[in-house]
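Only the coordinates and a few stated rules stand behind these numbers; no lab work does. Computed from a prediction, not measured in an experiment: that's the story for all the values here. Here the Cβ positions follow ideal geometry from the backbone for every residue, glycine too, while neighbour counts run over all protein chains shown.
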Amino acid sequence: MTLSSLRQQLLAGQTTSAAILSGLAGEIAARDGRTGAYLSHDLESAMAEAENVDLSLPLGGIPIAIKDNINVLGQPCTCGSRFLAENYRSPYDATVIRKLRAAGAIPFGRMNLDEFAMGSSTENSALQTTRNPHDPERIPGGSSGGPAAAVADFTAIAALGSDTGGSIRQPASHCGVVGLKPSYGRVSRYGLVAFASSLDQVGPLTRSVEDAARILQVIAGLDPLDSTSLEAPVPDYLSGLNDGVKGLRLGLPKEYFGEGIAPGVRRQVEAAVQALAAQGAEVVDISLPHTEYAVATYYVIAPAEASSNLSRFDGIRYGQRAANPADIPDLYKRSREIGFGPEVKRRIILGTYVLSSGYYDAYYSRAQKVRSLIRRDFEAAFTRVDAILSPVAPSPARKLGGASIDPLDEYLSDIFTLAPNLAGICAISVPCGVSAFDGAAALPVGLQILAPHLGEAMLLRIARAAESHE
Amino acid sequence: MSQPHIDVRYVANLARLELSDEEIATFQPQLDAILGHVETLSQLDVDGIEASAHAVPVFGRMRADEPHTSLPLSAVLQNAPDQSQGQIRVPKVVADA
């Protein structure tokens, strides 16, 4: 059941918001013990909101699950971290939550994630393991693994996640749902716990492209509380959704179809490309020559920004504080020692190093320049094509591996999703069938579509055409 | 550039992060491997290329200079680990004279 079809039922009087919520609570009780997508949920307060909901609003009566790094007034916001696991309650609503409420939606559920959104498997959550609903021995992807798994497991109708280098698209691909990363500046981040501020965006994970468009319509737009949000008018994302792809030019970057892609992923993505061609799109070969530098660039810039952003977690104003500190530096160091998990510590050290005196030019300054080259690659490509097609991830979901996974290997698997964040363009993952992989019979595969900055209407239109084939 | 090497204990101290000997032993080869990959950036000629701090050139835009309500003190203090008399309490910062 999609958000859009539930809205029709609500308007026709065939169901109620309270009935939807109690239905979800039943699904969660039945299956989430295995999947582990929810860190917590508060049915009582959601039910109270459902009583007063205005069904005439765009998302009236629809519960939406929220990644646990987005603040919702009065609810926990653990970020999957021991640092915030106890005694933290959000003192305010994030702007995206305020906008969802104004559109009649009900925030319901706090969804698991890699700690502070750092990871691609949700295994870096300090609080809980989330499993892929398609195979419980496998990761759901990450860092928005909880939101993706719940939408795929029918324990949530739709969810909000955050995407810094693929954290919406890759779990959407691994779980077989739609995941949209809006353009940089399209959606306010006020109230999203910051990871890498030049890359972070909030976006929806849904069961259909239309659902993603409906949520983007509500959360997009200027916010005085986020100086990076843009004044550009928000177009109608629904009116052109079914316009099809006839006459559009779609680019296949040769760097995204090279070696290292699982055969089943290649087959499914190529089939999706052919289906779009059969609907009248012109498919052309293109090149994004600096693709091979995206991982190195990202893993300088993102940790650098993270090391700065996470300095606010010092044990003073909120969260974990070490007992009996000798002095202030001791309080900082030991609070952070017990509060942060290994991946967060690695990235703080890496980020501090690349920003430190003597290394800044060699690493951070150079990475920012390469970032310009990566952005120019896309600008040049979009003079020739309307959108770009690629796999989301080189392979379907791997098995749960815990601490045995090498960090650099994991970073390299993000190769196809990082560059769009560095370039600030919009991107979406759309399911494109299933593939056998590593002993599993049928795991979801995602098609990634990339469109120019603020090109979400075009992006969603192509995604809708790809989805109708699938 | 030669094979990069991070002095993990020194950098962790800069980041106000206490680490155990085991953590340092684990992180050292991992971080050196990551930096080794980052070295690929040195293959590129970036002379004359502008640095992109952001993907979109919007800088320092101010919002309207209008007063608005802030969070009440109780909301700000509700998450403080230690508090007294409407303020957050921390260990002594200034040494005795």
key: For A:Ala440, distant residues with modelled amide H under 5 Å away   = none
Angstrom value of the Kirkwood radius, inverse mean 1/r, which spans all Cα pairs in the range A:1-111 = 14.5
task = Report the FRET efficiency, 1/(1 + (r/R0)^6), for A:Ser56 and A:Ser311, where r is their Cβ-Cβ distance and R0 is 56 Å, rounded to 0.05.
result = 0.80
Virtual spin-label span in nm between A:Asp327 and A:Arg376, 7 Å along Cα→Cβ = 5.0
message = Using Cα-Cα distances under 8 Å and only pairs 6 or more residues apart, what relative contact order does the range A:307-403 have, in percent?
response = 19
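Which of the pairs A:Lys345/A:Lys399; A:Lys67/A:Lys369; A:Lys333/A:Lys399 have their Cα atoms more than 26 Å apart in this structure?
A:Lys67/A:Lys369; A:Lys333/A:Lys399
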key: Sequence-distant residues sharing a close amide H with A:Arg138 (under 5 Å, placed H)   = A:Asn132, A:Leu400
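Please compute the contact order of the range A:95-229 in relative form: average sequence separation of alpha-carbon pairs under 8 Å and at least six residues apart, divided by the residue count, as a percent.
On the way: 299 pairs, mean separation 29.7, N = 135.
Answer for the range A:95-229 is 22 percent.
Report the gain in length on full extension from B:Leu14 to B:Gln83: 0.36 nm times residue separation, minus Cα-Cα distance, nm rounded to one decimal.
Computed gain between B:Leu14 and B:Gln83 is 22.1 nm.
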ask   = Considering every Cα-Cα pair within chain A, what fraction, in whole percent, is farther apart than 38 Å?
value = 18
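Quote the FRET efficiency, to the nearest 0.05, computed for B:Thr69 versus A:Asn87 with a Förster distance R0 of 41 Å and r equal to the Cβ-Cβ distance.
Working: r = 25 Å, r/R0 = 0.61.
Plugging the Cβ-Cβ distance into 1/(1 + (r/R0)^6) gives 0.95.
Suppose a student asked you for the relative contact order of chain A, using Cα pairs under 8 Å spaced at least 6 residues apart; what percent would you report?
17
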